[in-house]
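Accompanying notes for the structure given below.
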Amino acid sequence: MKNKKVLDGMTPYKPGKQIEEVKEEYGLSRIVKLASNENPFGHSEQVNTTISHMLEHHIYPDGYATELRRTAAANLNVKEEQLIFGSGTDEIIQIIGRAFLYPGVNTVMAAPTFPQYKHSARIEGAEVKEVPTVNGCLDLSGILSAIDDRTNVVWLCSPNNPTGCMIPKDDFYAFMDKCPEDVLVVLDEAYYEYVSAEWNLRVLDHLEQYENLMVLRTFSKAYGLAGLRVGYGIASETLIRKLDVVRGPFNVSTIAQKAALKAMEDDAFLEQAITRIHAIKQSFEHFLDSIGWDYFESHTNFLLISTPISGERVFQYLLENGFIVKAGEGLGAPNTIRVTIGTETDMQQLQEVLYQLHLKLDKEQSM
Ligand SMILES: *Cc1c(COP(=O)(O)O)cnc(C)c1O
């Protein structure tokens with residue numbers, strides 16, 4: 001058939017192992033999934049209270065997400081017209097691709113970074129220019145040099161997934177000042193809520209100054225609503241109007257809109273979860289220090305850890321012991337694993353399993 005040729009050389013997103021599948025395969029009774037950077041403490045109780053009462057699903061959602069939009073605009077101190085909501089940030093990435101990318105133009109991004117930028121760009125037929133990270137951090141001068149007359153979009157993920165590195169504030173604004181004004185810069189802040197005040201780019205305060213800047217945020221990560229699929233973008237009214245042409249009319253479900261609204265109102269849940277996750281991460285880092293495994297400094301709820309054997313092998317070992325993590329090989333970061341920070345108990349058990357692996361590897365080495 002006459003599909004886009006590029007699709008023939010591409011593969012669908014390979015979902016991580018599902019918990020039930022792993023239990024059966026390895027005869028395990030309990031599996032802990034630390035692979036997709038979800039919030040181990042779930043989400044605000046208020047979300048349950050609201051959506052459990054929603055019983056009628058025969059009406060289309062509000063295509064403008066009016067109520068959520070109003071609250072989000074007020075909280076973020078932007079105009080309602082500066083927001084676009086999507087079925088996860090993933091959909092907004094697709095929308096940007098559809099609106100800005102086509103054969104003959106290119107798009108610039110770091111490597112490794114969030115894989116959906118490249119995936120959607122390739123489908124649109126645009127050339128993808130990747131600039132290697134340096135110690136896990138974005139090489140902004142390398143990215144600047146990669147921009148040419150045919151560059152339509154630059155993707156900056158900060159903190160970067162899978163490394164966790166943040167762009168320092170001064171570097172970011174110096175980059176914006178040098179980047180051509182007709183190149184769209186997409187700043188993906190999926191882990192924004194985990195970033196400390198001193199590292200916060202406070203990018204919403206500068207949107208008026210940079211018409212070519214768009215920010216992405218999500219309810220999937222710290223807010224704990226990954227299963228409901230809501231993310232959003234913030235940019236100038238002009239840009240949002242263009243993207244809204246591409247957006248499907250009912251792209252965010254009614255339940256997702258309500259849940260996101262409630263989640264946004266519950267600051268206490270968010271704060272507690274984040275504080276707890278940071279503390280668990282710190283104690284996990286101490287453990288890694290104690291066994292001499294390196295990791296990248298992370299401003300998120302995950303750690304990219306350098307492994308003494310391949311990431312795939314550590315992944316497999318952990319799988320057999322009841323933990324699902326991500327092998328770095330699949331993320332463009334060989335000899336690493338990416339581990340989402342889980343609850344205190346889950347991480348304690350993970351540490352015990354990793355410690356056993358460490359002893360085993362030490363023994364093998366001394367033989
Ligand atoms: C998880 C993630 C997203 C996508 O989140 P959605 O669930 O689609 O909202 C986007 N960018 C980065 C960097 C992520 O880690």
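All of the numbers you see were taken from the coordinates with simple rules; none came from a lab. Keep in mind that what you see is a predicted model, and the values were worked out from it rather than measured. As a convention, Cβ positions derive from the backbone with ideal geometry for all residues, glycine included, and neighbour counts pool all protein chains shown.
Using a cut-off of 22 Å between alpha-carbon atoms, which lysines can reach K178, once sequence neighbours fewer than 8 places away in the same chain are excluded?
Partners within reach: K129, K169.
Ranking request for peptides 218-225, 231-238, 138-145: highest mean number of other beta-carbon atoms within 10 Å first, then the rest in descending order. Can you show the working numbers first?
On the way: 218-225: 24.9, 231-238: 20.9, 138-145: 17.9.
In descending order of packing, they fall as 218-225, 231-238, 138-145.
Can you sort M10, M347 by how many other beta carbons sit within 10 Å, fewest first?
Ranking M10, M347 by Cβ neighbours within 10 Å, fewest first, gives M10, M347.
Can you spot the lysines whose alpha carbon is less than 25 Å from K262's alpha carbon? Ignore those fewer than 8 places along the same chain.
K79, K221
Suppose every Lys and Arg Cβ carries +1 and every Asp and Glu Cβ carries -1, with no other charges. What dipole size does region 45-266 come out with about its Cα centre, to the nearest 20 debye?
With only Lys, Arg, Asp and Glu charged at Cβ, the dipole is about 500 debye.
How many percent of all Cα-Cα pairs in the chain sit more than 25 Å apart?
Numbers: 38078 of 67161 pairs.
Of all Cα-Cα pairs in the chain, 57 percent lie more than 25 Å apart.
In the neighborhood of L331, defined by Cβ-to-Cβ distances under 13 Å, what is the net charge if each Lys or Arg adds +1 and each Asp or Glu adds -1?
Details: positive: K14, K118, K326, R338; negative: E312, E329.
Neighbourhood net charge equals +2.
Output the peptides 320-326, 104-110, 60-66 sorted from most to least packed, where packing is the average of other Cβ atoms within 10 Å over each peptide's residues.
104-110, 320-326, 60-66
In sequence order, what are the phi-derived ³J(HN,Hα) couplings for region 206-222 according to the Karplus relation 6.51 cos²θ - 1.76 cosθ + 1.60 with θ = phi - 60°, rounded to whole Hz, with x for glycine and proline?
In residue order, the calculated couplings are 10, 4, 5, 6, 10, 5, 9, 10, 10, 10, 10, 9, 8, 8, 7, 9, 4 Hz.
Could you give each residue of region 190-197 its phi-based ³J(HN,Hα) in whole Hz, using Karplus coefficients 6.51, -1.76, 1.60 with θ = phi - 60°, and x for Gly or Pro?
4, 10, 3, 5, 8, 7, 6, 4
Using a 4.7 Å Cβ cut-off, which Cys residues in the chain lack a partner cysteine?
C157, C179
Hey, fewest Cβ within 10 Å first, where do H358, H53, H58 land in order?
The fewest-first ordering by Cβ neighbours comes to H58, H53, H358.
With a ≥ b ≥ c taken as the square roots of the eigenvalues of the C-alpha gyration tensor of region 230-306, please select rounded if a/c is under 1.5 and otherwise prolate if a/b is larger than b/c or oblate if it is not?
Prolate, since a/c reaches 1.5 and a/b exceeds b/c.
Where does helix 89-100 land angle-wise versus the long Cα axis of the chain, in degrees 0 to 90, nearest 10?
Its long axis makes an angle of about 50 degrees.
Long-range amide H contacts for I324: which residues qualify at under 5 Å (H placed 1.01 Å from N, peptide plane, sequence gap of 5 or more or a different chain)?
Residues meeting the amide H criterion: V32, K33, L34.
Using +1 at the Cβ of each Lys and Arg and -1 at the Cβ of each Asp and Glu in the chain, identify which of G292, G136, I123 lies farthest towards the dipole's positive end.
Working it through, the farthest residue towards the positive pole turns out to be I123.
Using θ = phi - 60° and the Karplus form 6.51 cos²θ - 1.76 cosθ + 1.60, what ³J(HN,Hα) does each residue of region 234-243 get, whole Hz, x for Gly and Pro?
10, 7, 5, 4, 4, 5, 4, 4, 5, 5
Can you return the aspartates and glutamates within cross-link range of K118? Criterion is Cα-Cα under 20 Å, with same-chain partners fewer than 8 residues away left out.
Once the sequence-local aspartates and glutamates are set aside, what remains near K118 is D8, D90, E91, E127, E130, D139, D148, D149, D188, E189, E329.
Equivalent-ellipsoid semi-axes (√(5λ), Cα gyration tensor) for region 116-244, whole Å, largest first?
Three semi-axes, in Å: 21, 18, 17.
Can you tell me the relative contact order of the chain? Whole percent, Cα pairs under 8 Å, sequence separation 6 or more.
Relative contact order comes out at 23 percent.
Name the residue farthest towards the positive end of the dipole of the chain from the options V215, F315, L357, assuming +1 on Cβ of Lys and Arg, -1 on Cβ of Asp and Glu, about the Cα centre.
Of V215, F315, L357, it is F315.
If neighbour count is taken as other Cβ atoms inside 10 Å, put W293, W199, W155 in order from fewest to most.
Starting with the residue having the fewest Cβ neighbours, the order is W199, W293, W155.
Please list, in chain and number order, the residues 5+ apart from V131 or on another chain whose amide H is under 5 Å from its amide H, with Hs placed from the backbone.
Sorted by chain and number, the residues that satisfy this are M109, A110, A111.
Arrange the peptides 157-164, 267-274 so that the one whose residues have, on average, the most other Cβ atoms within 10 Å appears first. Intermediate results must be reported in sequence, preceding the final value.
Numbers: 157-164: 25.8, 267-274: 15.6.
Result, highest mean Cβ count within 10 Å first: 157-164, 267-274.
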